[in-house]
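**Student:** The following block contains the structure, expressed as structure tokens.
The values are calculated or read from the model by the stated rules, or taken from the named source; none is laboratory data. These figures come from a predicted structure and were not determined experimentally. Quick reminder, even Gly has a Cβ in these numbers, built from the backbone with ideal geometry, and neighbours come from all protein chains shown. These accessible areas exclude ligands, DNA and RNA; they are computed on the full protein's heavy atoms, side chains included. Shrake-Rupley method; radii C 1.70, N 1.55, O 1.52, S 1.80 Å.
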Amino acid sequence: MPSQPVTHQFWYNLTTNFGDAMSPFIVNNLLGRELPRAEPGFQGGVLIALGSILHVADVFENHLVWGTGYEPKYGRLKREKVNVAAVRGPVTAEKLGLKNPAMGDPALLLPKVHPLTPDASGGVVLVPHHTSLKWARYLPYRIVDPLAPWKDVVREIVSAKFVWCEAMHAAIVAAAYGVPWAWWKGRHGHRAVVKWSDWFGSIGLEPACFSLLRRKAAERWAANNPPRFPDRDRLLNALLEGVKLQGGEQSGR
């Protein structure tokens, strides 16, 4: 475990991608206090949470990983010893040699701190990965901009009837709120098979992707394959206990 109290957190901020942008909101509200962003070189205790950013553990000597995922295309972990409270899924657990860790993407806890009611009023939407946004605008679906303010993106997802997801956190948010979704690989998905396998494994499903021409098949898959969520109470407690063990004051919600 880190030798210093967790006082800061790290999230990717080189774009306004909603999946990264909601990380501090989730963490701060679950802890009941603010953890400022840690810049590379920070020597204190750093929480590494939402995203495929396991490799960032190499950057911070005093770190605590919670719900973070492994994706070698984004960066390979060099450090042998990683301080872990929870991981995103079984692929990350295997990478770290962990058996039965607390598991789940932190965005699964978003409804706890940002309650919304699905209403299906928005019809069918598509959330591209932010690197695909320019060309995705030409697709025959209403496009949700993943670089828009994260609360707007989440509201669009929660109000949808069905969500095509090239952005993985669109699928995680949809699942968390009970909105039907399916994976469309698009262009980005072919480069992100590891992280999608990690996510599918965490909800007890085999990876499945669909062409945009197979919407009915995708909707049937969504109806017949409800996610088997990991223990979200255990995921939350892993955060609270992990921070507490490092001497950081916290209060759960």
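**Student:** Taking amide H atoms as placed 1.01 Å from N in the peptide plane, list the residues 5 or more away in sequence, or in a different chain, whose amide H sits under 5 Å from that of LYS185.
**Tutor:** PHE210
**Student:** Ignoring ligands, DNA and RNA, what percent of the 1.4 Å accessible area of the range 23-118 is carbon and sulfur? Provide the component values of the computation, followed by the final result.
**Tutor:** Values: 1930 of 3840 Å².
In the range 23-118, the share of accessible area belonging to carbon and sulfur is 50 percent.
**Student:** Whose amide H sits under 5 Å from the amide H of LEU64, counting only residues 5 or more places off or on another chain, with H placed in the peptide plane?
**Tutor:** VAL46, LEU47, ILE48
**Student:** Next up: Can you give the FRET efficiency for ASP119 and ASN28, using 1/(1 + (r/R0)^6), R0 = 30 Å, r = Cβ-Cβ distance, to the nearest 0.05?
**Tutor:** Working: r = 27 Å, r/R0 = 0.92.
The value I calculate is 0.65.
**Student:** For the chain, which DSSP H helices look membrane-span-like by this rule: Cα extent along the axis of 15 Å or more and mean Kyte-Doolittle of at least -0.5?
**Tutor:** On the way: long enough: 232-245 (19 Å, 0.09).
Qualifying helices, which must be both long enough and hydrophobic enough, are 232-245.
**Student:** First check a/c for the range 1-81, with a ≥ b ≥ c the square roots of the eigenvalues of its C-alpha gyration tensor; if it is under 1.5, answer rounded, and if not, answer prolate when a/b is larger than b/c or oblate otherwise.
**Tutor:** On the way: a/c = 1.72, a/b = 1.07, b/c = 1.60.
Note, shape of the range 1-81 comes out oblate.
**Student:** Compute the length gained on full extension between LYS73 and ASN100: take 0.36 nm times their separation in residues and subtract their Cα-Cα distance, giving the result in nm to one decimal.
**Tutor:** Numbers: separation 27, 0.36 × 27 = 9.72 nm, distance 2.52 nm.
Roughly 7.2 nm would be gained on extension.
**Student:** Across bins of 10 angstrom width beginning at 0, how are the C-alpha pair distances of the chain distributed, in whole percent?
**Tutor:** Per 10 Å bin, starting at 0, the Cα pair percentages come out as 8, 33, 37, 18, 4, 0.
**Student:** How much area per residue is accessible in the range 48-190 when the probe is 1.4 Å and only protein heavy atoms are counted (Å²)?
**Tutor:** Working: 5640 Å² over 143 residues.
Per-residue value: 39 Å².
**Student:** Would any residue of the range 119-138 have its amide N under 14 Å from a label point 7 Å out along Cα→Cβ of THR15? List them or say none.
**Tutor:** 127-137
**Student:** Over what distance in Å are the Cα centres of the range 8-37 and the range 113-169 separated?
**Tutor:** 20
**Student:** In nm, to one decimal, how far is the VAL193 label point from the ASP58 one, both placed 7 Å along Cα→Cβ?
**Tutor:** Placing both labels 7 Å along Cα→Cβ, they lie 2.3 nm apart.
**Student:** Can you give the direction-averaged projected area of the convex hull of the alpha-carbon atoms in the range 83-162, in nm²? Provide the component values of the computation, followed by the final result.
**Tutor:** On the way: hull surface 29.0 nm².
Here the figure is 7.2 nm², rounded to one decimal.
**Student:** So if each residue of separation counts as 0.36 nm, and I subtract the Cα-Cα distance between LYS216 and ASP231, what length gain in nm does that give? Before the final figure, lay out each step's value.
**Tutor:** Values: separation 15, 0.36 × 15 = 5.40 nm, distance 3.06 nm.
Extra length available between LYS216 and ASP231 comes to 2.3 nm.
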